[in-house]
Each structure stands twice: as C-alpha cells, then as structure tokens.
1. Filter the stretch A:328-371 for residues that are in contact with a Gly (Cβ under 6 Å, 6 or more places away or on another chain) and within 14 Å of chain B (Cβ to nearest Cβ) and give the result.
2. Quick one: is B:T209 surrounded by fewer than 24 Cβ atoms within 10 Å (Cβ to Cβ), within 13 Å of chain A (Cβ to nearest Cβ) and within 19 Å of the chain's Cα centre (by Cα)?
3. Limited to the stretch B:5-38, what total is found for residues that are in a helix (DSSP H, G or I) and either surrounded by 13 or more Cβ atoms within 10 Å (Cβ to Cβ) or touching a residue at least 40 places away in the same chain (Cβ under 8 Å) (or both)?
4. Would you list the strands (runs of 3 or more DSSP E) that sit entirely within the stretch B:65-181 and hold 1 or more residues that are more than 14 Å from chain A (Cβ to nearest Cβ) and at pLDDT 95 or above?
5. Hey, among the residues in the stretch A:122-135 that are touching a residue at least 24 places away in the same chain (Cβ under 8 Å) and among the acidic types (D, E), which one's surrounded by the most Cβ atoms within 10 Å (Cβ to Cβ)?
6. Of the residues that sit in the stretch A:40-76 and are within 26 Å of A:Q339 (Cβ to Cβ) and touching a residue at least 40 places away in the same chain (Cβ under 8 Å), which one is farthest from the chain's Cα centre (by Cα)?
7. Quick check: anything in the stretch B:384-396 touching a Phe, Trp or Tyr at 6+ places or on another chain (Cβ under 9 Å) and either assigned to a helix (DSSP H, G or I) or on the phi > 0 side of the Ramachandran plot (or both)?
8. Answer yes or no: is there a residue in the stretch B:411-420 that is in a loop (DSSP other than H, G, I, E, B) and acidic (D, E).
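The values are calculated or read from the model by the stated rules, or taken from the named source; none is laboratory data. The shown structure was predicted, so the numbers you read here are calculated from the model rather than taken from an experiment. Neighbour counts are summed over all protein chains in view; Cβ atoms, including those assigned to glycine, are modelled from backbone coordinates with ideal geometry.
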Number of protein chains: 2
Amino acid sequence: MADLDALQAELSGLKLETHPSLVKQKSRDFFWYSPVLKRRLDDVTGDLVVTPSSEDDVARVLAACYRHDVPVTVRGAGTGNYGQAMPLAGGVILNMAEMTAIRSIEPGVVVCEPGAIMADIDRRARTETGQELRLHPSTHRTASIGGFVAGGSGGVGSVRWGGLRDLGNIVRLKVLTMEAEPRVIELAGEDIHKVNHAYGTNGVITEVTMPLTAAYEWVDVVVGFDALSSAAAFADMVANQDGILTKEIAVVAAPAAHDYFLRHQRFIGREQHVVVLMVAPFAMDALAGLVDRSKGTLTYRSDVTVAGDGESVPPAYELCWNHTTLRALRVDPAITYLQILFPYPDHLTKVAAMADKFGDEVVTHLEFVRFDGNVACFGLPLVRFTSEERLDEIVSVFETAGCPVFNPHRYTLEEGGMKQTDPVQLAFKKETDPKGLLNPGKMIAWEDPSFDYSSHKTYLFPGLHRA
Amino acid sequence: MADLDALQAELSGLKLETHPSLVKQKSRDFFWYSPVLKRRLDDVTGDLVVTPSSEDDVARVLAACYRHDVPVTVRGAGTGNYGQAMPLAGGVILNMAEMTAIRSIEPGVVVCEPGAIMADIDRRARTETGQELRLHPSTHRTASIGGFVAGGSGGVGSVRWGGLRDLGNIVRLKVLTMEAEPRVIELAGEDIHKVNHAYGTNGVITEVTMPLTAAYEWVDVVVGFDALSSAAAFADMVANQDGILTKEIAVVAAPAAHDYFLRHQRFIGREQHVVVLMVAPFAMDALAGLVDRSKGTLTYRSDVTVAGDGESVPPAYELCWNHTTLRALRVDPAITYLQILFPYPDHLTKVAAMADKFGDEVVTHLEFVRFDGNVACFGLPLVRFTSEERLDEIVSVFETAGCPVFNPHRYTLEEGGMKQTDPVQLAFKKETDPKGLLNPGKMIAWEDPSFDYSSHKTYLFPGLHRA
C-alpha cells in the first residue's frame, strides 16, 4: 500500500484536497449516462486531489507519485462519458482546472494549457482575431481542451473537419512522462496519435496547440420533416454540399425532438423528425433553397426574430451529440445511448434498417461527420434501457450489421474503441509510464495483454478501488 | 445593319473606343490556348468598346444597344480560355475594367463591382480582415471577379470548396437585363445558377457578393514521386484528409514538371512526377509525415529558406490549372490541352488507364477537387496537337471511358459544358434578353433549339463577325 501521508508531505506547498466527499466529487465524470458504468463505478474514488498551477508542479507530482507508486489519473473538466477520468485504482486525481493559460493566438493556431475551457478559448480567439476552434464537444461551455484531446473524439465541427484522430486537427502536444525524473516530450504530425484519445494513460498533457478556423455568427437552424428518411437524406445532402459552410448537422427522430428539447418544443411538432444545423450566415439563402427543394419546414432559425415570449433557447450545439442524450435523460431517466458508426457509402440504408428493426426501443439520433474524406454519420441513439444483457444484444445487432459500436458502457480504451490493441499507444506507455501508474485499468493491452476480444466478455479491472 | 454612328452619338459622355486595333485587342481573350478556336476566331472583333464606370452607365449602354439592335459582349479581364468574351457577332464590347469598387468586406462576405481584380480583392480582404476568396483561377493576379462568375468554374480552392456551380460559393448577384428599360434583378440561393457560367448571355452582372474564408500564409509545396500512380494516390489521400487544410493539390507527370516549370526546374528531377500543393502553415508537420509515409520527396517548400541564388519562383497557383498549360505552351507551342472530369470513385483507375492508352501524346495533369461531396479530379492534360480530327478522337476516347470532357476547343456553353440545353439559363435569357443581343452565338439552345448533340458535330455560329 502506498504511503499517502509521505506523498502528501512531499507535495507540501501544492494545492491538495483530501476531504473524502470533495475528493469523490473530483473523482467522477459523466460516466453515469451509462446505467452499466453507473453500477460498476459509482463508488470509485481517488484518495487525494492535487491541483497544479504549472508544468513544474505537474513534474513534481509525477516524480513523487512515481517514487511512492501512487496511481495518477488526470482530470480535465470531467465531462467524459466513458469513465475516462475515473480513478479506478484510487490514488491522485491530477486536477488541471487551474492550468488555464492561453499562451498565444495566431492566424490558424492557439497554444494553451490543458485546463483552458473551450468556450474561454473561443471567446478570446473570436474577440482578438475572429477565430474559433474547429471542433468541440456539446459540453463546449465547461469542457477543457486537454480533456478533449485526451478523452474526446470530435463533435461539433466534425461535419467539416472530421475528428480529432484526423491528422491536422491537433497541431502539437507537450506531455510529461511518469518517471523518476519526468521528461517533457513534444509531439507533432503523426506522433500526436500516441496521446490523442489515450485517456491520459501514457503521459500528462501540459500544453496543447490546436488549429483555429474563422469564427462566424453561426445560425442555429431546425428543419422539420414528415419522414425520418427524408430528414436523414436532407442532412446527408447538405453535408455533401461543399460550398455550404456548416458546423453541425444532426438528425433526431420524432417524437424525441419535441419531447426532449423542452425549450425548443414550441418550434417542433410531435410528429416532426428534425435536422438541427449550425450554418454560416452567408449560406442561409442557399440553405433555405435546399429546405424548399427537400420539402422540409424551416421551423426555427436563430437569425430571425422569434415572435412570442422572448424566452431564450439553448444553442443548437446543446441539442446535439451527448446533449441530446442528456436532454432525454432529464425527461426520462430510463434512457441511455450508444455510439455507432454508420460507414460510408451505405450509411443511410443502414440507418433505415436499424430504425425499422428496433422501433421505439432505439430512437434514431444521427450526427453527420466527415470520415476519411467522405460524409458518413454516427448514431447516438436514445436507447430505452431494460437490462445489461439486452443492451449487449443491441450492440451486437449493430455490429453484425456492419456498424462498429464505440461502446459507452465500457471504461477501457479498447472496448470503447476499436476492440483491439493500439500498438502505438501501448509502446508509448512502455516508454512514458514504466510502472503503469497513469490512469490504471483503462488500457487492456497493458493490464492483460492476453485478453481475448473475440470472447465478447467485458473486461473487468481487478484493481478497482472503491470508496 | 445596326446604326453604330447613331449608337455612338447616344452614348456620348461615356468612355468609347473605336480604333480598330484597340477594339480588336479588347475583343480577344485567351481562346488561343486552343489551336481550333485560334483558327476559327482569330479574326473576330467587336466594333466599339464601351467602358462604363457605374451601373447607370451600364443601363444606358444596354438601353441604347437594345434600341439599335447592337449585340453586347461583356468583358472582364479577358482571361477565359473558351472564347467566353469573344464578340462573335461584333457590336459593343462592354469592358467592365473600370467598375472595380470593393463596397464592403465583412466576416465571410465581400461585395464588389464585377471588374474588381481577384488579387486586389484578396489583398484588401487580407489586410483589413485576414480573409480571402475561397476560389480563384490560376490567373488570380489579372482575372476579374465578374468574369470568374460569368465564365469560370472553379480552380484554386476547389479542393476544399468545390466549384462555383456549388451552392454557397456565390452569395448574391445583381444583374441588369437587356431590354428597352433595363431592370435590376437580384439573385441569391439556387437562382444564382441562372447567371453563373452563362458567359454573360442572359444579363449583365453589376454587383457580386462572394463568400470569404480565412486567409493564411499558404505554404507552396512540391513533392516528387518515382511513379505517376504514387503521385496521384498521394494527392488523392491528402485531399481526403479532412483535418489537413489545403487550397490546391495538382499532379503533373514527368518530364513535364521539370521541362515546363522553368523557374522550379532546379527543384524537380526530370524523372519526377510531382504533386503541387498549397498547405496551411500549421498543417505542414502533418503533411511532412504523410510525405514520408508515402515515400515521396519534399523537393520544395516555400516556408523553408532556399539556398542558392535567391531567384524568386512563381507561386504554386501559377503552376496549376491552365497556368500549367501556359507554361507548357511557352516551351512547346505545339501543346494544347483538354478539360476532363475523372469522376469519383474510380477516378484514379481511369487516370491510370488513360495515361497508359495515350502515352506521351496526352501528358497527365490532374487537379483534385471536391465534387458533389467527394474528392475527384479534373484532368487538364497537355496534349500534343496534330490535327482537329485527332483531338476529337481523343475527346471521344475519354468520353467513352466515362470521363466527361468540358471541351475547351468549342466556344458554346453547351459544347464546353454538359452537351445539353440548360433550361434554367435558357428561360432566364428569354426573360432578360428578348432580342438575343447578349453575347450572341454562345448558347446553342437559343440560336438553334433543334441542334442535335448526339451528331457530335461542332456547332458553328452562322453570324460569326470577322475583322
């Protein structure tokens, strides 16, 4: 058992928190969107929260924890849904919330510390230079850039730019290693993959350089359709319009849009399947023409004054990605979700087939993205949860139909990803974290190299540390 | 016969030019890239050049010409290669060169007069707002925005944004009609197609609103490969990288790149097939990784100081599109070209098959673009011209292989385009130009509605007016 008292003594002068309820608060992310993870991880907690304010502080924490064999789980804003930031083996929560410096904003690039909140980056980039980040999750207002890089995959903006995994969507990273004397490693180009979406298992990100793009006064648009297939076809067609600048295109089936988007409810009929978009203002004439041609109804556009009580509505990006799930959960706690890729080119056919197969049990929610150069879509369907077994069955139906599932009811990189070892990330972990102290339990390839993915068994981390 | 003296008298106070050699100079565009058009159109001339300085001037010219039944051919900078601006029936050349006002530059949009030169628009947009036009031809330094909209199709930037035909790439147009009392018509959304690429046959553009995008210090890059297929595969792969911001991706086969790009010759081996790119500076690390992975050689990048005599080289966009042809023509006057679409998804297979079939007679030059949402490529091959019959044969081989040819050896919209009537543009001409005085001879659908495209006969305008 690690000597936490000795560790604390060594860290004196740093901002520490040991009060169990406060530590537990900082030991949780949004894993609870999954009833499966909720059951498994609800009692997980770290032992100690350390809040560094500089790279030197981080190095000091890592060296001390290395010496005392204490696990370290890095925490951004805790908005992940795969349990990315849950300290499965206890130990130190390295809370990056105070490393928020934005070091420079130049044409096309921002350099900042990992704890910077994405909305803050965008606010400054917009005010100072008319720019904004290419990609952000629906938790734009609260998520940190480092957490996004370490635990995210894409989101709003992916319809234009693809995902974080795509070369060019992260410019440069600085990471610290978990060694007796932590080293700084700079990663650029293809090397970025070593750390992107590795949940902080193989290095602690201390500086992030991200590409910026032009900021616009995005128009939030909701278009209604009588048929789900028409909504999906419209979304796909607009995403394929190379000249129409959009930042977000999502489809939500009836009656979920009406029933769950409470503050937009007055704009959406219960029978309407909707497409939610963010559109550059100068593209609205072109978009309106496409809506007409597709026999859709433009039920809401944020650039046109809305008659009525003047009640404000949330931005379109808070109707999308996992905010769709969140809004559904608030109305109906029995709802959970999945994350599925419908691959190009027969994504719309597969969407229709799955919608037919599952009916009300799995309500269609699609997010259109560029994927390897083509437009495809992710499904984040709203799933009526009955049992873990049934959820696994649903997953398996999607996978059998050729739709890979990034299962958000698993806490490992592999099970939430490609169901195979990522040799590059594993090799980098061997180099940066020889003792395996960074976010233990998340990389099966490290914990159990002989794990058999074809068994379809859930990996259960033996070192799980509960409150 | 029209009474030109009476017309001139009515236009007194406007800037007029009647000297035959000066009129002839303003009656010519870059039609002479085609030996076929050169033979047919070399003697074509207008009778009178009028240079308006305002929309009111334009209206005055159109009203007077309508009254006197004088044809009007609008001229931008005369950089078209399809004879777009050649006054086949003589009459007035409406020279827009002095209507160059840039009225406003806002986030995402510029409003200007049609004679504004694209390089001037970009210079002002960049200096004042860090923006630039999405698309421009390789004649960026000299081409006018109105000419581009009326006679162009895309070019540099199309790898990101598609072509001018794509909704959203032109925001709004103002046109004047050719009637007793010219009317102003404003076009937006899908209506823009009425006038875009109609060669000024159905309205005179007097104001253009174009989308702007973020300007960067684009890095000009040349990558060499041993095999043409490797160069094409690399170009296609980079174009499909959603996160790597590029503005231009072209392929030029060996030994053309070495032999014709004289000021880049020292960077290019005679055996090298090259890919020419414009890349955002912050994407260069990612690009360099892809070059390595593809076993290419980064032979030139403009962001790295070049040892040597410090001689300047032209920008990458002047190695591309029809500047490739121009550079070849300068070295070897027997060269001409074609414009061919290699459609997605088997564009690379078709490129290889055609390169095999023709050998040195048709040297591969590809321009990668987004086309209907996917990456495809145009071919602008360098063709060793022997006879008109052989050129037609080559065209027919491409078309039979499923590669539509936009034949630059024809001066009509239809033959240089989709080989069919464009009913929308024809209907708009009936409305805006009842007497058929705007750029006569260019729209077959107007001149000879019974023309049989399946005959593969060249349309010859009976009213051709020679010097």
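1. Scanning the stretch A:328-371 gives a single hit, A:R370.
2. Details: surrounded by fewer than 24 Cβ atoms within 10 Å (Cβ to Cβ): yes; within 13 Å of chain A (Cβ to nearest Cβ): yes; within 19 Å of the chain's Cα centre (by Cα): yes.
So B:T209 fits the description; yes.
3. 16
4. Numbers: elements: B:72-75, B:92-95, B:102-106, B:109-112, B:131-133, B:172-176.
In the stretch B:65-181, the matching strands (runs of 3 or more DSSP E) lie at B:72-75, B:92-95, B:102-106, B:109-112, B:172-176.
5. So in the stretch A:122-135, the residues touching a residue at least 24 places away in the same chain (Cβ under 8 Å) come out as A:122, A:125-126, A:129-135.
If we keep only those that are among the acidic types (D, E) too, we end up with A:122, A:132.
Values: A:D122: 19, A:E132: 22.
Going through the qualifying residues, I end up with A:E132.
6. Start the filter on the stretch A:40-76 by keeping residues that are within 26 Å of A:Q339 (Cβ to Cβ), which leaves A:40-44, A:73-76.
Add one more test, that the residue is touching a residue at least 40 places away in the same chain (Cβ under 8 Å), and what stays is A:40-41, A:43-44, A:73-76.
Details: A:R40: 20, A:L41: 19, A:D43: 23, A:V44: 21, A:T73: 17, A:V74: 16, A:R75: 14, A:G76: 12 Å.
For the stretch A:40-76, the residue satisfying everything is A:D43.
7. Checked the stretch B:384-396: at least one residue is touching a Phe, Trp or Tyr at 6+ places or on another chain (Cβ under 9 Å) and either assigned to a helix (DSSP H, G or I) or on the phi > 0 side of the Ramachandran plot (or both).
8. Quick first cut of the stretch B:411-420, residues in a loop (DSSP other than H, G, I, E, B) only: B:411-420.
Filter once more, so that each one left must be acidic (D, E): B:414-415.
The answer is yes; a qualifying residue exists.
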